[in-house]
Amino acid sequence: MQIQQTSVKFFVEDASGVDDAAFIPVFHGWIREHRLGDRLLIDVADYRHVHHGPGVMLIGDQAHYAMDLAGGRLGLKYDRKRDAPGDPAAKLEEAFREALAAALAMEQEPVFGGRLRFRSDLAHVRVVSRLAASNGPEAFAALEPSLRAFSDRLYGGAALKPLDADPRAPLGVEIRALAAQPLLTLLARL
Amino acid sequence: MTTGTTWSRAWRERLLGRMPGPLAEEIDIFETQMELRRQGRIDEKLFAESRLRRGIYGQRYDNGQRHDGVRTQTLSFPCGELTKGTQTVWDAPGMMRIKLPLGRVSAEQIELMADLAEEYADSILHVTTRQDIQLHFVHIEDTPALMRRLAAVGITTREACGNSVRNVTTCQFAGVCGGAPFDPTPYAHALTYFLLGHKDTQDFGRKLKVAFSGCRDEACGLLNIHDLGLLTVVRDGRRGFEVYVGGGLGSVPRPALLLTDFCTEQELLPLSQAICRVFARHGEKAKRNKARLKFLVEKLGIDEFRRLVFEERAVLPPEDRWTSYLGDLGAFDEAPLRPASTLEGDHGPVFAAWRATNVRPQAQPGYVTATVRLPLGDMTSWQARGLADLARRFTGDHIRLTIEQNVVFRWVAEGDLPAFHQGLEALGVADAGAGTVVDVVSCPGTDTCKLGISSSRGLGSVLQARLAAKADALHPDVRKLHIKASGCFNSCGQHHVADIGFLGVSRNVGGRRVAHFQLVVGGEWTNNGGAYGLAIGAYPSKNVPAVVDRLTSLWIAEREGSERFQAFVGRVGRARVKEALEDLTRIPPYHEDPSFYTDWGDAREYTVGDMGVGECAGEVVSSTQFGLADAEREAFQAQLALERGDAFAAATLSVQAMYSAVKALIRLQFFDVKEDADSLAAEFRARLHDTGLFRDPFMGDKFAQFFFKVHEEPPAAGVARDEAHRQIEEATLFIEAAHACYDRMQEHGRAN
Ligand code: SF4
């Protein structure tokens, strides 16, 4: 199986008390200060008015980032855009590396005073491209070996579960690690 | 081979046989054009028009420059120098407009667009004021794949943008409201596909917007604001249309004029074709800002335009398609999915509130239409799929998008309403208030539009939230008002026909730019957009919510009986309204409250560049602003004169206002300028026009020409009211252009 357009979401540990308006200046600052290194960041889109929508988005050339509200659960989502099909191991590694780096950057934003933390034991992964995969048991089964190998490497073991039964949704998997570990530790493994 | 090309070809293989042949071929051709452009073998301007005609539009920052709040940074896209239009970088994200004739969309089509939003855009489907869906932040390389997938579900994006016949709009209640003599749906459909790609519609100088309306008195199709508006009428038992032409908003709004009071159904297509031919043949081509049909109608006069159209009609070679569809008008009859039923009992206050504003009985007993309110026209991909599910469960495919950026379900059995409402609640789109004051309409504005001056969506979002929070406390008549916001004078938010309209402008305050909105009052939503409002004054963006509160309170407190808002403004006069809002024009100094110097939903300082605020510059700023404020005052006095019925005074004052603005600008360079009209005009030409300083980046010389025109032909006694009204509009735009020119002169150090 080859995949493309992988998305990864890490959830905020405690979203109560988080003022989502704060993400707007943070993302503008990331663009201004090239906070994500050589990733080309373009603009900030505010979708907070949409119920369980993408919240505040940071639009990029290769990928978008969002403080996403899908499912009513605030989290940082990395969403790869134009992307050639490729080996799942490499695609997963790239998406997790980018998402972890962004999550760490967000945690370190002074405006949150260290109170914004992401759960490191839980991630949602999606393969957005329907060319690569249609959601369903078959695609899940095809992806599972690569995903298991990857999550074993990253987390030292994790439970995998399909995210949606809806065949129209992008193929999605919940990864629940057996133990939480610092994001930085996870990033160091990639 | 690029990534986009790879998956575009993969989709091509996968969808072979599922795309209609001609559509598939057109997309292949476009893909080839893309390749030629990559190789530099097609001129960028030609390519730009080609992509526009496929619905692929530019977006803000696509020139590769973006101000980050401190300085302008170059966005280093990987494509290097490659462009897809003048100053439009190939790799920069753009907008894809998906043209949905009449706003009709099926469950399958919505589902597909949800996939496209996730894969190529930002997971949001945006409903526009022309019943289209737009996807934002789309890469051009993804567009062939996107178009192929749309083609496979019967959608073409052809002629969604560019100099073409744009999406044909029709009232979302057509055929089920009971108010119209007959359902215009099959006629609108026939005209759409007759004109699509027709050889007589390929040579326009600008776009042509067409709308159908079933009723005269409702807002329905907003015929008055369209290039071509068609109202259903029955005469002597025969179906036909009143035909209106030459309407339009934008920077120079014009109400449509009656071309003929009865065009038979057999003549609908040929007459429309003849109009297109006359537009293509006689319309302006070189000066983009004069190229809309309204200018041609104005230039020729409606009588001459009519003569040309009927003359053209007489010589058109006959086409079978003119009438072939008439034998199958029933093809668009909708069959309900569920049996008719009535609703009994109490289903709670939340449901009752939603039903009161979002549900309308249909002409067919036991059925209703239900409007789904989308905030700012936005829905997520998963909400779109949820709406498709609801359609399949309750109504079949009877979904329409509206010009108020909502979704309407037709043929909902009344007894199903509570279950339908529950379905909407699960999707988070069950808000009450459709078509009321909380249902604010907004164009994209500075969020994504290249021409945006102020954040109309940011403003819309704030107004929606604030008004919704106190909806129960609002006077019932305030709840019925319509608010619309445009990010600039191009009026895509249709602010002229709102009760309360806003149009984005900027002002220079103490050497910093501040986002403002002109308040537009006096517009009429009903009667197909029956009257256009006029701008009353500019208010800092951050004060606009207070403006709305103050204005609506004033109306309720001082109106006579149940006087409507528009009538109230007409009676008490604009001076009273302006006076009541006067303090809201003020802005605290930057050091006291910097929040005024950012726009809604944007953390960046609104000012452009690092402007000096030295004392010398400060003096100049004060003096010029004073002069421009004089000009605005005179333009306002012109409005008052018009209200009094003194058209000549109104026209004269508005011209005077233009001279004041000219004088203020010239004094930046030449303080002792003589003040007679000829000297001012000569200095204006030499210093500001010929040097290009006054030239608007998008509208070119248009505003300067307003001034030269009145200098050569000042208003004469006996000037008509409409002419004076137009003079005021032109003066207002001229003064705005003077503000913009002043800002540019400051930035480029051209003052003194
Ligand atoms: S009104 Fe102006 S800002 Fe709004 S979409 Fe139109 S051109 Fe853009």
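The values are calculated or read from the model by the stated rules, or taken from the named source; none is laboratory data. Just so it is clear, the model here is predicted, and its values are computed rather than measured. Neighbour counts run over all protein chains shown; Cβ positions are idealised from the backbone, glycine included. SASA here: full protein model, heavy atoms, side chains in, ligands and nucleic acids out. Shrake-Rupley method; radii C 1.70, N 1.55, O 1.52, S 1.80 Å.
If a/c stays under 1.5 just call it rounded; otherwise compare a/b with b/c (prolate if a/b is bigger, oblate if not). Do that for region A:1-109, with a ≥ b ≥ c from the square roots of the Cα gyration tensor eigenvalues. Prolate. Peptide B:119-126 has a mean shielding of 6, counted as Cβ atoms of other protein chains within 10 Å of each residue's Cβ.
Spacing of the modelled spin labels on A:Phe112 and B:Arg576, each 7 Å from Cα toward Cβ, amounts to 5.4 nm.
With contacts defined as alpha carbon pairs under 8 Å and 6 or more residues apart, what's the relative contact order of chain B in percent? RCO, chain B: 10 percent.
In straight-distance terms, cross-link reach from A:Lys77 covers every one of the lysines whose alpha-carbon lies under 29 Å from its own, apart from those fewer than eight places away in the same chain; here that gives A:Lys9, A:Lys91, A:Lys161, B:Lys450. Amide H contacts of A:Leu69: A:Gly53, A:Gly55, each under 5 Å away and 5 or more positions distant or on a separate chain (H built 1.01 Å from N in the peptide plane; Pro and chain starts excluded). For chain B, the solvent-accessible area of protein heavy atoms averages 37 Å² per residue (probe radius 1.4 Å; ligands and nucleic acids excluded). The aspartates and glutamates within cross-link reach of B:Lys209, meaning a Cα-to-Cα straight distance under 18 Å and a gap of 8 or more places when in the same chain, are B:Glu49, B:Asp132, B:Glu159, B:Asp200, B:Asp227, B:Glu242, B:Glu284, B:Glu298, B:Glu404. With the simple model of a label 7 Å out from the Cα in the direction of the Cβ, B:Leu16 to B:Tyr193 spans 2.6 nm.
Across region B:517-534, computed HN-Hα scalar couplings (Karplus, 6.51 cos²θ - 1.76 cosθ + 1.60, θ = phi - 60°) run 10, 6, 8, 10, 10, x, x, 10, 7, 6, 6, 6, x, x, 9, 9, x, 10 Hz from first to last residue, x flagging Gly and Pro. Near the amide H of A:Ser120, within less than 5 Å, lie the amide hydrogens of A:Gln181, all on another chain or at least 5 residues away, with H placed in the peptide plane.
Measure nothing fancy, just the Cα-based angle from helix B:544-558's long axis to the longest principal axis of chain B, in degrees from 0 to 90, nearest 10. On a 0 to 90 degree scale, this one is about 90. Peptide A:161-173 has a mean shielding of 2, counted as Cβ atoms of other protein chains within 10 Å of each residue's Cβ.
When each full DSSP H helix of chain A is screened for a Cα extent of at least 18 Å along its own axis and an average Kyte-Doolittle hydropathy of at least 1.0, none passes. With a 10 Å cut-off around each Cβ of B:497-504, the average count of Cβ atoms from other chains is 0.
What's the center-to-center distance, using Cα atoms, between region A:50-91 and region B:183-213 in Å? The distance from the Cα centre of region A:50-91 to that of region B:183-213 comes to 39 Å. Against chain B, whose longest principal axis comes from its Cα atoms, helix B:615-644 is set at around 60 degrees.
I need the peptides B:577-590, B:342-355, B:241-254, B:178-191 ranked by packing, meaning the mean over residues of other C-beta atoms within 10 angstrom, with the highest value on top.
By packing density, highest mean first, the sequence is B:241-254, B:178-191, B:577-590, B:342-355.
Find the centroid of the Cα atoms in region B:496-516 and in region B:106-181, then give the distance between the two in whole Å. Cα centres, region B:496-516 to region B:106-181: 31 Å. B:Ser595 exposes around 50 Å² of accessible area when a 1.4 Å probe is run over every protein chain in place.
Against chain B, whose longest principal axis is taken from its Cα atoms, helix B:702-712 shows a tilt of about 50°.
Annotation: lysines with alpha-carbon distance below 16 angstrom to B:Lys285 (same-chain offsets under eight excluded): B:Lys45, B:Lys207, B:Lys294, B:Lys299, B:Lys702. A Förster distance of 30 Å, applied to the separation of the beta-carbon atoms of B:Asp28 and A:Asp87, puts the FRET efficiency at 0.45. Judged by the gyration tensor of its Cα atoms, with axes a ≥ b ≥ c, chain B is rounded; a/c sits under the 1.5 cut. Taking a ≥ b ≥ c as the square roots of the eigenvalues of the Cα gyration tensor, an a/c ratio of 1.5 or more together with a/b larger than b/c marks region B:503-592 as prolate. The phi-based Karplus calculation (6.51 cos²θ - 1.76 cosθ + 1.60; θ = phi - 60°) puts the 3J(HN,Hα) values of region B:565-571 at 4, 4, 5, 4, 4, x, 6 Hz, whole numbers, x for Gly and Pro.
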